[in-house]
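Only one structure is covered here, and it is reproduced in the block below.
The values are calculated or read from the model by the stated rules, or taken from the named source; none is laboratory data. Computed from a predicted model, the values in this text were never measured in an experiment. Please note: Cβ atoms are built from the backbone with ideal geometry, for glycine as well, and neighbour counts cover all protein chains shown.
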Amino acid sequence: MSIPSTVVLEQRLSRAGIRDVVTVEPVSGGLAALAGIAVRDNAPSVFVKAFAEARDGDGDAFVAEAEALAALRELGKLATPEVIVANREVLVLSLLQPRPHDETFWEQFAYALAHLHTSTVHPRFGWHRHNWLGRRRQVNTWSDDGFAFFAEHRLLRWLTEPRVEAALEPADRAALERLCDRLPELLPDRPACLTHGDLWAQNVLATADGRAALIDPAVSYMWAEVDLAHLWTTAPPPESRRFFDVYAEATGLDDGWPARMPIIQLRQHLAVLAQFDDDWGAAETIRATLTPFRAGT
């Protein structure tokens with residue numbers, strides 16, 4: 001019989017020295033880890049995250065995530081939760097608030113994200129350590145070439161994953177390789193900057209005073225449009241409709257950016273396909289995006 005997720009989280013909290021937990025309330029929405037809100041007897045409630053089962057090589061996942069939150073906060077001046085505990089077993093964070101359902105929130109977030117991307121320009125692509133996207137290692141080996149970095153470490157690296165091998169046909173894989181060869185003509189030559197790396201709407205929450213706050217990062221110095229593509233293609237809420245115009249104005253983004261989003265978002269679709277039995281249409285979207293790159297088309 002499997003142990004309930006709330007019991008697992010309470011056990012991990014206890015081993016981390018947090019032993020005044022009254023109850024743990026499960027939180028839905030996370031795909032890679034167990035998550036909950038721990039209500040404490042003599043302290044504020046906290047958010048807690050842990051993996052149900054440890055895997056070889058993922059012992060630094062929560063330490064890397066805590067470091068990424070600090071980088072977004074310290075380098076990019078974005079709001080992130082306070083890290084209370086980060087070790088091999090558990091990540092404990094201060095609680096954030098649900099984001100408000102209003103346009104002003106998203107417009108202010110657009111300016112904050114624009115500041116992150118324009119104030120952290122870096123001469124190289126990568127990060128000083130490898131980290132994680134879900135339960136898969138994100139390789140961040142330094143590179144001077146953004147096209148080569150994106151091709152090797154953000155697209156082609158998924159082709160050896162068993163679920164991707166099963167879902168994509170040889171013609172699909174060849175089309176992806178062809179697309180990677182043509183990246184310099186398909187995408188503009190942009191500098192690297194600090195990116196969140198997993199920026200869909202579910203990872204945007206709010207501080208107590210109503211500012212946007214980010215969780216679950218997979219940071220690296222990469223093209224800013226990696227973050228933009230993830231928000232653009234993952235059904236952001238209706239109140240975010242002004243976000244993209246405000247961001248484009250604040251960063252000087254050209255009018256052609258929406259056409260680039262499907263290519264850049266291939267990285268995330270491949271990651272979803274690699275990790276989850278239900279791919280939420282990722283395989284179909286990948287094949288559609290690759291259609292112009294098939295032999296004979």
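Data overview
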read-out	value
Test: residue in segment 111-122 that is in contact with a strand residue (DSSP E or B) (Cβ under 6 Å, 6 or more places away or on another chain) and closer than 30 Å to Leu13 by Cα	no
Test result for Leu290, over 19 Å from the mean Cα position of the chain (by Cα), hydrophobic (A, V, I, L, M, F, W, C) and crowded, with 17+ Cβ neighbours inside 10 Å	yes
Which numbered condition Asp209 fails, given (1) among the acidic types (Asp, Glu); (2) without any contact (Cβ under 8 Å) to a residue 12 or more places away in the chain; (3) surrounded by 18 or more Cβ atoms within 10 Å (Cβ to Cβ)	(3)
Test: residue in segment 222-241 that is in the same structural domain as Pro170 (by TED's automatic domain parsing), under 20 Å from Gly197 (Cα atoms) and in contact with a His (Cβ under 6 Å, 6 or more places away or on another chain)	yes
Residue that is surrounded by the most Cβ atoms within 10 Å (Cβ to Cβ) [pool: residues in segment 216-242 that are aromatic (Phe, Trp, Tyr) and over 19 Å from Thr80 (Cβ atoms)]	Trp223
Candidate set: segment 86-98, residues that are buried (at least 19 other Cβ atoms within 10 Å of the Cβ) and either modelled with pLDDT under 95 or β-branched (Val, Ile, Thr) (or both); chosen: the one nearest to Asn131 (Cα to Cα)	Val90
Single unsatisfied condition, Arg137 versus (1) part of a loop (DSSP other than H, G, I, E, B); (2) modelled with pLDDT under 95; (3) within 19 Å of the chain's Cα centre (by Cα); (4) not acidic (Asp, Glu)	(1)
Residues of segment 168-213 satisfying the condition of being at pLDDT 95 or above, in a helix (DSSP H, G or I), in contact with a helix residue (DSSP H, G or I) (Cβ under 7 Å, 6 or more places away or on another chain) and of a type outside the set (D, E, K, R)	Ala175, Leu176, Leu179, Cys180, Leu183, Pro184, Leu186
Residue that is farthest from Leu34 (Cα to Cα), among those in segment 92-108 that are of a type outside the set (Ser, Thr, Tyr) and in a strand (DSSP E or B)	Gln97
Per-region count, segment 238-268, residues in a helix (DSSP H, G or I) and either more than 30 Å from Asp102 (Cβ to Cβ) or charged (D, E, K, R) (or both)	7
Any hit, segment 243-258, residues being without any contact (Cβ under 8 Å) to a residue 60 or more places away in the chain, under 25 Å from Asp172 (Cα atoms) and surrounded by 17 or more Cβ atoms within 10 Å (Cβ to Cβ)	yes
Residue check for Ala224: among the small types (Gly, Ala, Ser) and over 21 Å from Phe125 (Cβ atoms)	no
Residues satisfying the stated conditions in segment 121-156, i.e. aromatic (Phe, Trp, Tyr) and more than 18 Å from Ala66 (Cα to Cα)	Phe125, Trp142, Phe147, Phe149, Phe150
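Residue-wise test of (1) outside the structural domain of Leu231 (by TED's automatic domain parsing); (2) assigned to a helix (DSSP H, G or I); (3) surrounded by fewer than 16 Cβ atoms within 10 Å (Cβ to Cβ).
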residue	(1), (2), (3)
Ala110	no, yes, no
Leu113	no, yes, no
His128	no, no, yes
Trp132	no, no, no
His153	no, yes, no
